[in-house]
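Step one of this worksheet: look at the structure below.
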Amino acid sequence: MEDVNELKQRIKTMMVENLMLQLSAPEIGDDQPLFGPGSLGLDSVDALQLVVALDKNFGLKVPDPAAAKEILQSVNTMVAAIMRGKREA
Amino acid sequence: MSARIILITGANGGLGQAIARAFLDENPDNFVWLGVRANRQHADELVAKFPKRCRCIVLEVTQPDAWRSAVSQIMAADNSLDVLVNNAGRHQDALMPNMSWAAWKEVLQTNLDSVFHGCQAVLPAMIAQRHGRIINIASLSALLAPAGQTNYAAAKAGVVALTQSLAKEVARIGITVNAICPGYIQTEALTGMSEEERKGVLGRIPMRRFGTPAEVAVAVRFLACAEASYITGSVLKVDGGIF
């Protein structure tokens with residue numbers, strides 16, 4: 001199974017590339033919020049892109065807004081969802 | 001010009017046929033999916049003429065499931081969908097006091113709901129690709145709102161607004177969304193017009209002639225081309241100068 005740290009790195013790189021963030025992957029904190037105060041400052045369009053990218057790159061389906069709210073909180077929550085999906089597969 | 005995968009709805013009609021031919025002419029490697037319903041004779045003829053370059057796909061544009069199925073089929077076959085042309089439409093004209101609710105709903109579903117379903121169906125693929133071109137065929141009726149077309153004018157004005165709003169949502173992802181408003185074009189839509197009506201309409205067109213489907217098709221092809229990458233949320237009239 002893929003190492004968790006490796007997975008975090010892949011997600012951060014994906015975010016920088018897909019969302020055209022003005023920072024590098026190492027600058028993104030594992031627990032840093034994606035949205036809201038003190039966050040990366042992502043918006044709803046970024047969320048849409050993340051949902052598509054998570055499916056494309058990691059096979060993670062985000063089926064509805066409730067799931068999106070839970071999964072798209074931080075890098076760590078995305079990692080947890082991907083790991084959970086792999087265990088259940 | 002690199003080869004592209006194109007989906008056109010309403011591909012059996014005169015305008016749909018012209019748009020398909022414009023893309024077939026553009027690049028010998030373009031592949032065109034012809035969205036059709038029960039009437040598909042002209043689309044089938046085009047497939048017979050270009051069997052390796054286009055294919056019919058049954059698509060009831062008012063049904064989201066049909067869209068999902070069609071896009072899945074295209075992605076399975078081509079692994080890409082570069083251009084969507086939402087061209088399917090119809091009108092049922094009547095003055096408001098005489099317009100049935102069924103006529104209102106049917107025209108809204110066919111002209112506006114279909115565009116919503118189509119855009120929603122192709123966006124995941126286009127977002128994943130990080131490029132795409134969506135061209136929505138609206139109508140001059142969206143801008144002029146003629147009497148007798150409350151349903152059609154409202155639906156097409158909705159298409160224009162949807163186009164502009166969606167364009168803002170996906171601009172940063174490399175997807176452009178534009179609308180074309182054809183005026184009076186020589187298609188089956190004009191066949192119900194009497195000679196007197198035709199003369200009256202021609203008198204209101206500064207160019208004093210009806211447009212051809214090919215003249216609309218080149219505008220579609222332009223908005224879909226790679227060089228039109230900075231044009232999004234635009235509404236292009238193709239109408240011989242009516243305003």
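The values are calculated or read from the model by the stated rules, or taken from the named source; none is laboratory data. Keep in mind that this is a model prediction, so the values were computed, not measured. No Cβ is skipped: glycine too gets one built from the backbone with ideal geometry, and neighbour counts run over all protein chains shown. Each accessible area value is taken on the protein alone, full model and side chains, heavy atoms only, with ligands, DNA and RNA left out. Shrake-Rupley method; radii C 1.70, N 1.55, O 1.52, S 1.80 Å.
One residue alone among B:Gln120, B:Gln129 is surrounded by fewer than 23 Cβ atoms within 10 Å (Cβ to Cβ), within 27 Å of A:Leu50 (Cβ to Cβ), polar (S, T, N, Q) and touching a strand residue (DSSP E or B) at 6+ places or on another chain (Cβ under 9 Å), and that residue is B:Gln129. When the test is whether a residue is in a helix (DSSP H, G or I) and either among the charged types (D, E, K, R) or loosely packed, with under 15 Cβ neighbours inside 10 Å (or both), B:Ala3 does not pass it. Contact map, the stretch B:121-139: first residue closer than 13 Å to B:Met75 by Cβ, second residue assigned to a loop (DSSP other than H, G, I, E, B) and open to solvent by 20 Å² or more (accessible area, probe 1.4 Å), Cβ cut-off under 7 Å, separation 6 or more or different chains; pairs are B:Gln129/B:Ser80.
With the condition kept exactly as written, say whether any residue in the stretch B:138-147 is assigned to a helix (DSSP H, G or I), in contact with a helix residue (DSSP H, G or I) (Cβ under 6 Å, 6 or more places away or on another chain) and of a type outside the set (A, V, I, L, M, F, W, C). Yes, the conditions are met somewhere in the stretch B:138-147. Can you find a residue in the stretch B:29-40 that is closer than 27 Å to B:Glu106 by Cβ, crowded, with 18+ Cβ neighbours inside 10 Å and touching a residue at least 40 places away in the same chain (Cβ under 8 Å)? Within the stretch B:29-40, one or more residues are closer than 27 Å to B:Glu106 by Cβ, crowded, with 18+ Cβ neighbours inside 10 Å and touching a residue at least 40 places away in the same chain (Cβ under 8 Å).
Might you let me know whether the stretch B:192-203 holds any residue that is part of a loop (DSSP other than H, G, I, E, B) and hydroxyl-bearing (Ser, Thr, Tyr)? Yes.
Of A:Arg10, A:Arg84, all but one fail to be open to solvent by 50 Å² or more (accessible area, probe 1.4 Å), within 11 Å of the chain's Cα centre (by Cα) and not polar (S, T, N, Q); the exception is A:Arg10. Does A:Lys12 satisfy the condition of being among the basic types (Lys, Arg) and within 13 Å of chain B (Cβ to nearest Cβ)? For A:Lys12, the condition - among the basic types (Lys, Arg) and within 13 Å of chain B (Cβ to nearest Cβ) - is not met.
Given the structure, is B:Glu45 open to solvent by less than 70 Å² (accessible area, probe 1.4 Å), out of contact with any Leu (no Cβ under 9 Å at 6 or more places or on another chain) and not small (Gly, Ala, Ser)? No, not satisfied.
Residue count for the stretch B:148-185, restricted to those that are surrounded by fewer than 17 Cβ atoms within 10 Å (Cβ to Cβ) and either away from chain A (no Cβ under 14 Å) or of a type in the set (Ser, Thr, Tyr) (or both): 4.
When the criteria are applied in full, A:Ser44 meets the requirement of being under 21 Å from B:Ile175 (Cα atoms) and either surrounded by 14 or more Cβ atoms within 10 Å (Cβ to Cβ) or within 14 Å of chain B (Cβ to nearest Cβ) (or both). If you take the residues of the stretch A:62-75 that are in contact with a Leu (Cβ under 9 Å, 6 or more places away or on another chain), open to solvent by less than 50 Å² (accessible area, probe 1.4 Å) and not β-branched (Val, Ile, Thr), which of them is farthest from A:Glu88 (Cα to Cα)? Looking at residues that are in contact with a Leu (Cβ under 9 Å, 6 or more places away or on another chain), open to solvent by less than 50 Å² (accessible area, probe 1.4 Å) and not β-branched (Val, Ile, Thr), I get A:Ser74. Here A:Gln32 meets each of (1) loosely packed, with under 12 Cβ neighbours inside 10 Å; (2) more than 10 Å from chain B (Cβ to nearest Cβ) with one exception, condition (1).
Hey, can you tell me all the residues within the stretch B:213-243 that are in a helix (DSSP H, G or I), closer than 14 Å to B:Cys181 by Cβ and either in contact with a Pro (Cβ under 7 Å, 6 or more places away or on another chain) or among the acidic types (Asp, Glu) (or both)? If the condition is that a residue be in a helix (DSSP H, G or I), closer than 14 Å to B:Cys181 by Cβ and either in contact with a Pro (Cβ under 7 Å, 6 or more places away or on another chain) or among the acidic types (Asp, Glu) (or both), then B:Glu215, B:Val216 are the ones that fit. Here is a check on your reading of the model: is A:Ser39 of a type outside the set (A, V, I, L, M), more than 14 Å from every other protein chain (Cβ to nearest Cβ), more than 21 Å from B:Gln129 (Cβ to Cβ) and under 11 Å from the mean Cα position of the chain (by Cα)? No, not satisfied. Restricting attention to the stretch B:186-203, the residues that are open to solvent by less than 40 Å² (accessible area, probe 1.4 Å) and either more than 15 Å from the chain's Cα centre (by Cα) or within 14 Å of chain A (Cβ to nearest Cβ) (or both) add up to 3. Of the residues making up the stretch A:47-61, those that are more than 8 Å from chain B (Cβ to nearest Cβ) and surrounded by fewer than 17 Cβ atoms within 10 Å (Cβ to Cβ) are A:Asn57, A:Gly59, A:Lys61.
Just give me the residues in the stretch B:78-120 being without any contact (Cβ under 8 Å) to a residue 12 or more places away in the chain and closer than 24 Å to B:Thr176 by Cα, in sequence order. B:Asn79, the sole residue that qualifies.
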